[in-house]
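The next block holds one structure in the form of structure tokens; read it before the comments.
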Amino acid sequence: MTTLPATTALAEIAQQLTGGGRGVLAADESIKTMSARLEQAGVPASAPARRDYRELLLTADGLHRWVSGIILCDETFGQFLADGRGFPAAARELGILPGIKVDTGTTPLPGQGGALITEGLDGLGARLASYAERGAAFAKWRAVFDVGTITPASARANGHALARYAALCQQHGVVPIVEPEVLCTGDHELADAERATRLAVGALFAELAEAGVDPAGLVLKPNFVTPGLDADPAPAAAVAARTCAVLRDTVPAAVPGIAFLSGGQPTGRVCEYLAALEARPDRLWAVTFSFGRALVSAALRTWAGDPAEVGAAQRVLLDNCRTAAAATR
Ligand code: 13P
């Protein structure tokens, strides 16, 4: 019989990930996405190149001062640093909790226009057991919505999958990061993003409650409620007000922390949003970042595969992590 881990252990990890003025570095791009980003930076894509790049990120000196956790994909989770340590073990030694992305990507959801469903539940219990044994402290599953195609049924279907994933994670002593991302691509208005985010996050927490998931032992990773990238940006105060209103209406106060994705928006802009949200007196949870591109894009361009530029690229990464962490303090 499986012994369920003490809920307090999950709550402590969730607090560790989102509190203390630190945030999460999302370095879990799929092999396909990472390869495309390497090629764009002029680096021929290969498993060793992806490994070198992730090693550069993880070993930036003092990263743990700003970063509490790092999300890895399956490939990196099984790779080794140049000194022979596995990535999960090295992360722990560096004071950073290792996490693992466990969904297997999206596919169209039949009968729902252009809406997508995220897959990866088959065999997930066994995979989580293996990741936990190999050191994973937390996991991530990402549902993807577009303001133009989200429907109540697609929000429920993705919420249901996220809830099944989250329940399995908690059963295996792994903190689930639940990510219902409403994409910011397009020219939509703030009100459109608000409506879509309310639908996605609302359906998610209804499903989590029904599935018996403990809200104190998870981390929510949502988008900021913003106009589309092709529309005029909204003032940070307006973004923070709308984001806080949506989350207050949909997220239980028992959730310890919310870690936002960047969605490909500029680093300075998402840090302003985070600082404005942090400053709101009606905020019920710790707020922090779980950025990918906002932290790493400039570092990847600086490195561009040149071993002589590793130090310079790490300084760029650390600057961005420091700025993002400062926004949470
Ligand atoms: P971005 O911050 O680049 O959107 O990535 C965060 C993430 O993990 C998306 O799943």
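The values are calculated or read from the model by the stated rules, or taken from the named source; none is laboratory data. Only a predicted model underlies this, so the values are computations on that prediction, with no experimental measurement involved. Quick reminder, even Gly has a Cβ in these numbers, built from the backbone with ideal geometry, and neighbours come from all protein chains shown. Quick note on the areas: whole protein, heavy atoms, side chains included, nothing else; ligands and nucleic acids left out. Shrake-Rupley method; radii C 1.70, N 1.55, O 1.52, S 1.80 Å.
Filter segment 67-115 for residues that are open to solvent by 30 Å² or more (accessible area, probe 1.4 Å) and closer than 27 Å to T18 by Cβ and give the result.
The answer is D74, E75, G78, R85, A89, R92, E93, L94, G95, K101, T104, T106.
Taking P227, is it within 16 Å of the ligand (Cβ to nearest atom), surrounded by 18 or more Cβ atoms within 10 Å (Cβ to Cβ), in contact (Cβ under 8 Å) with a residue 24 or more places away in the chain and of a type outside the set (S, T, N, Q)?
No, not satisfied.
Of all the residues that make up segment 286-307, how many are more than 13 Å from the ligand (Cβ to nearest atom) and open to solvent by 10 Å² or more (accessible area, probe 1.4 Å)?
8
Sort out which residues of segment 52-66 are surrounded by fewer than 18 Cβ atoms within 10 Å (Cβ to Cβ) and in contact with a strand residue (DSSP E or B) (Cβ under 9 Å, 6 or more places away or on another chain), and write them in order of number.
Across segment 52-66, there are no qualifying residues.
Do you know which of the residues in segment 264-285 that are open to solvent by 50 Å² or more (accessible area, probe 1.4 Å) and part of a loop (DSSP other than H, G, I, E, B) is nearest to the ligand (Cβ to nearest atom)?
Here the answer is P266.
Considering only residues that are crowded, with 24+ Cβ neighbours inside 10 Å and more than 14 Å from the ligand (Cβ to nearest atom), which ones fall in segment 138-162?
I150, S154, A155, G159
Go through (1) out of contact with any helix residue (DSSP H, G or I) (no Cβ under 9 Å at 6 or more places or on another chain); (2) within 13 Å of the ligand (Cβ to nearest atom); (3) not polar (S, T, N, Q) for E189 and report which single condition fails.
(2) is the only condition that E189 fails.
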